[in-house]
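Report on one structure; see the data block that follows.
FYI, it's all coordinate maths here, none of it is from the lab. Given the structure is predicted, the values throughout are model-derived calculations rather than measurements. Here Cβ is always computed from backbone atoms with ideal geometry, including for glycine, and neighbour counts include all displayed protein chains.
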Amino acid sequence: MATIIDGKAVAAKVKAEAAQEVQALAAQGVVPGLAVVIVGSDPASRIYVNNKKKACQEVGIHSEEYALSGETSQQELLALVEKLNADPNIHGILVQSPLPAGLDEAGVVETIAPHKDVDAFHAYNVGKIMRGRYTFLPCTPAGVIELIRSTGVEIAGKRCVVIGRSDIVGKPMAMLLLHQNGTVTICHSKTQNLPEICREADILVSAVGRAAFVTGDMVKPGAVVIDVGMNRDKNGKLCGDVVFEEVAEKAAYITPVPGGVGPMTIAMLMKNTVAAARLSLEKAGDSHG
Ligand code: NAP
């Protein structure tokens, strides 16, 4: 039976480190600030935003919420982002996705100043991640790396399989595993023999968004299985991509949903916001020195 990776406990550690850094910054007169922009009334987005605000409170980050109506135009949204770019009390800007239809998400992301892009979605930050020289890492994949680290299993030299190739999870996930010297395969909806490829994985990360996608027969005995998926089962209950009971029989380590990757994503956002505040202080020091 697999050991369950406790995402809440690992996240608590990351948040405690961020809180310490907040104290250190306070001594230098800086309070990290995060602006969270939410457009429209998507209920899942509302829950994510509330959780992010709660985490800010825990860590000591100043948070500001901008709740805009679903009728907001692209121009109005970009004007808000520009205003936040120029606000010295705001070090991180997060625009909650998905945006209502008609708004261009990519255009919004590219308007966020790269040094305030705590989601690390801006092309400038994505490019830096490709190079392995980055300021921010995208929160979910960075959180997954921390969860794997918490098991003590070395990534270097391991066969890693990522299911999913989105810009926010799958692609950066594969890149981070590569930076850790994993041998990485990315699977997607056109992949042939997907179960066979998954069975080769020492580390399997599923980011598909389909309940019961990863079954026991797709998992190598002793593997580390990380479930990024956030889905609803037929009873409306939150679940991941992985058939937990079945896979836990074979894996050495497994993340639950909820309580696995979700809390880590928020903890890494706190870490990035504090890093952005530290960066602003260093920049100010540079310009005065
Ligand atoms: P996405 O943009 O919809 O990407 C899903 C990926 O899965 C795509 O690359 C798609 O392949 C692939 N896929 C779909 N059906 C497949 C199939 N039958 N076989 C193989 N691959 C298949 O989703 P996302 O934004 O990456 O998110 C993935 C999941 O993670 C969602 O459940 C989301 O809610 C969750 N999530 C959780 C967190 C967290 O903090 N826990 C954060 C972000 C996302 P193609 O590219 O070929 O279409």
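Structural remarks
- Boolean, residue 251 is crowded, with 21+ Cβ neighbours inside 10 Å and more than 26 Å from residue 55 (Cα to Cα): yes
The rows are residues; the columns are (1) within 22 Å of residue 48 (Cβ to Cβ); (2) small (Gly, Ala, Ser).
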| site | (1), (2) |
| --- | --- |
| 94 | yes, no |
| 98 | yes, no |
| 106 | yes, yes |
| 114 | no, no |
| 119 | yes, no |
| 123 | no, yes |
| 131 | no, no |
| 136 | yes, no |
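- Given (1) among the acidic types (Asp, Glu); (2) more than 26 Å from residue 255 (Cα to Cα); (3) assigned to a loop (DSSP other than H, G, I, E, B), number of the condition residue 119 does not satisfy: (2)
- Sub-7 Å Cβ pairs linking a first residue in the stretch 148-163 that is of a type in the set (S, T, N, Q) to a second residue that is more than 16 Å from the ligand (Cβ to nearest atom), at least 6 apart or interchain, are 151/224; 151/253, ordered by first then second residue.
- Members of the stretch 184-226 found to be outside any strand (DSSP E or B), β-branched (Val, Ile, Thr) and more than 14 Å from the ligand (Cβ to nearest atom), listed by number: 219
- Verdict on residue 116 being more than 22 Å from residue 15 (Cβ to Cβ), surrounded by 13 or more Cβ atoms within 10 Å (Cβ to Cβ) and charged (D, E, K, R): no
- In the condition set (1) touching a His at 6+ places or on another chain (Cβ under 6 Å); (2) surrounded by fewer than 18 Cβ atoms within 10 Å (Cβ to Cβ), residue 33 is compliant with all but (2).
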